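We did not get these values from a lab; they are worked out from the coordinates using the rules stated. For clarity, every value in this text was computed on a predicted model and none was experimentally measured. Positions of Cβ are backbone-derived with ideal geometry, glycine not excepted, and every protein chain shown enters the neighbour counts.
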């Protein structure tokens, strides 16, 4: 059964004249991993703060697990684990003490908190370093400790603000794997914000694109690229080497290629055809080129990923065809 | 032959008895230790399973933070050194202070706190001077350090009320200060008792207790002021500097400014008595705008029982007055406005910080 665990309705936040979040509507289903994507300053963090009741919306409402975050933040925070951007810990306390403190704030008894903290530190792979002071932790370790800190309250929803910022690629991979594994095991709903598309692409069920306080698109990565690039789903690059340098042959080939079903766009630049298609016509193209007697150097199929979506939307509608 | 047999038998019996005894002893030890262990384990179990209210958890953490910090150790060393110094000066001069027909003769013990030969200020003055420093240093980085460490947004994401954080910080620091001031006060009392050998009367003891309570209220004011600065200023250094600036202004410069005003509007020698009276009242009002003055007025009244009034007295009022010390109840009545003023200032600071903090947006770093 699908149900909306996070529901944003007409959410708006203004700082003076500046509108950080502009009439945002978004709903997230139980158990899914949702990526909130956008460049810096798009209003992602502000949206997250409003979800937790850490700042009040100018208008609109946030409901998490059916509870209004603005009016009843305590109940929301009981159910939601929040990992802030660049999370900090008490540097003169050990990782264990930091976790026990959080657990006690969530109503655990001391022994219960210790037990749970030990379990979680093992789960995130810090059991060897649990009696080290948190001040000696590296960035990646701190992030994993932050994840344990989020999980210790047995949340239904996890909200993470830029969880992969500043970790090396290996650490990012491990961290994301951890997120997916734990959310699948425990059936948690995860919302993470990021400006790094590749990382989010790997783990998210759905993403929302967030620019200048507005959600411009949402959906899973494939349907997003289909929606946004309806006329040009993929680009095929064909590098050719003219055998007898016969100009007319290339012109003929050009005409033939245009007539292939699904080709929407064709450019010939420095011995390379850039063919935009709305369906996969790679085989037909290859056949045609080979039959025409022109040497085929390479054939490259380029699909649109989030990167292109990102560039297209965030950096001013450039045409990557 | 028989005798050896008998002896051997005897030995055997004795041996058995000793063995028995040692065995019972062993089992007894085992029993007791097991029992003790059981009690201990039970206690441990109980302690571990007790649910603590989040607010208590926070206060506990803040107190242990204070006690573990270097800052606190340094403060304790400074303050106890100065207290010992002032105690030393008062003890070396106490023999000269005992005069015949002194109205305060019955309050000999209180002189420990007020006496000075001029080289080192008395305990009373020291607490008035170093109390603000204590309050400022325990509070100036209360909120902004959490913000800069990135722990504030993490703690605020837990299911606790937002005001728990500042309340816990205030309560924890206040508890630390109270314990410290009481310990110092009792230490001075104890050392004085050992040295001069005169025990305090119950009234003297009560006066000292009230003095310590008043000092706690005074330090609490500075603590709240510095917590307010720590919410307002992002940098801990700025907030510490702001606190110290206010402290210096009120202790040094404010008095100078009031003096200047006093000289400027001084009535002539020929002025009417009621004119002089209203002038005196105005100057006193100006002086009492700062908490230092309130504190020193109040503590002086408490520790020097011969102080009969904190305002100007006319000749008429003085006629017929016997120069005798006031009873404790009257002294307390006399300082009541000062105490109320101090508490009000503390509450205003707290309300302001509460207001700012509850309205603020909590961002990560």
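The table for this structure:
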{"item": "FRET E, pair residue B:313, residue B:98, Förster distance 35 Å, beta-carbon r, rounded to 0.05", "result": "0.80"}
{"item": "Relative exposure of B:127, A:124, B:77, A:203, judged by other C-beta atoms within 10 Å (fewest first)", "result": "B:77, A:203, A:124, B:127"}
{"item": "Packing-based exposure ordering (other Cβ within 10 Å, fewest first) of A:212, B:169, B:263", "result": "B:263, A:212, B:169"}
{"item": "Sites residue A:168 and residue A:122 - FRET efficiency at Förster radius 22 Å, r taken between beta-carbons, to 0.05", "result": "0.45"}
{"item": "Other protein chain Cβ atoms within 10 Å, averaged over every residue that makes up B:57-64", "result": "3"}
{"item": "A:200, B:348 arranged by Cβ crowding within 10 Å, fewest neighbours leading", "result": "B:348, A:200"}
{"item": "Zone residues, region B:331-351, relative to residue B:281, backbone N less than 18 Å from point 7 Å out along Cα-to-Cβ", "result": "B:337-338"}
{"item": "Chain lengthening between residue B:50 and residue B:213 when straightened (0.36 nm per residue, less Cα-Cα)", "result": "55.5 nm"}
{"item": "Chain A: most fluctuating residue of A:168, A:17, A:86 per GNM, C-alpha cutoff 10 Å", "result": "A:17"}
{"item": "Simple spin-label estimate for residue A:265 and residue A:300 in nanometres, 7 Å along Cα-Cβ", "result": "1.7"}
{"item": "Extension gain from residue A:279 to residue A:186, taking 0.36 nm per residue of separation minus the Cα-Cα distance", "result": "29.6 nm"}
{"item": "At 1.567 mPa s and 4 °C, Stokes D of region B:54-359 from Kirkwood alpha-carbon radius, µm² per second", "result": "61"}
